[in-house]
1. In 5 Å bins starting at 0, how do the alpha-carbon pair distances of the range 1-59 split up by percent?
2. If you restrict to DSSP beta bridges whose two residues both lie in the chain, what percentage is antiparallel, to the nearest 5?
3. Residues with beta-carbon under 13 Å from that of P51, excluding P51: net charge, scoring Lys, Arg +1 and Asp, Glu -1?
4. Taking only DSSP H segments of four or more residues, each worth -39500 (n - 2.57), what value at 222 nm results for the chain once the sum is divided by all its residues, to the nearest 500 deg cm²/dmol?
5. Before I look further, what does the chain give for accessible area per residue, probe 1.4 Å, in whole square angstrom?
6. For a protection proxy built on the mean count of beta-carbon atoms within 10 angstrom, sort 48-61, 2-15 highest first, please.
7. Taking the Cα centroid of the range 1-80 and of the range 99-129, what is the distance between the two, rounded to the nearest whole Å?
8. Compute the length gained on full extension between T85 and T114: take 0.36 nm times their separation in residues and subtract their Cα-Cα distance, giving the result in nm to one decimal.
Amino acid sequence: MPGASERRTAERARDRDWLRILANDSAGQGVRVPSRGFTGARFWSTGTVEPVTASGPVSVQIRERRDGTAVVSVADPTRTVRGLTLTWRRQVTAVLSTAPAVTSTETGAVFTSTFGDLSGSHGATHTLKVRTA
């Protein structure tokens, strides 16, 4: 909390609901900040950090916006992922935009996005924008 006062830091420390730890194990780590509509996960291998499942070692950020959209961002810092399936257990009604690496998407009660080879993208972020229900 750069620039936060001692008082603000103490207030945040007392607020146990501000940040939720979703996972912290050998498959991955993840947090959720409900007030910001933010979910972040780092997968070390195939695994699930509720509400997200990844088929490989990637970093994922999801930002849900008040306008009913969400931005899903995926990066492969290992530069080894030759194909990826990402599943988000969230109702998605439409895909508004995708990164070139996205090869397919499925909307509905669960959102699934399939990516092609990410290994040559030098760890760059691949972004999708979706409409949530």
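The values are calculated or read from the model by the stated rules, or taken from the named source; none is laboratory data. Nothing here was measured: the structure is a model prediction, and the numbers come from that model. Cβ placement follows ideal geometry from the backbone for every residue including glycine, while neighbour counts extend to all protein chains displayed. With ligands, DNA and RNA removed, areas are computed over all heavy atoms of the protein, side chains included. Shrake-Rupley method; radii C 1.70, N 1.55, O 1.52, S 1.80 Å.
1. So the P(r) values, bin by bin, are 4, 19, 22, 17, 15, 11, 8, 3, 0.
2. Bridges in the chain are about 100 percent antiparallel.
3. Spelling it out: positives minus negatives among the neighbours equals +2.
4. -2000 deg cm²/dmol
5. Heavy-atom SASA per residue in the chain reads 56 Å².
6. Answer by packing, highest mean first, reads 48-61, 2-15.
7. Here the two parts' Cα centres lie 18 Å apart.
8. Full extension of this stretch gives 10.0 nm more.
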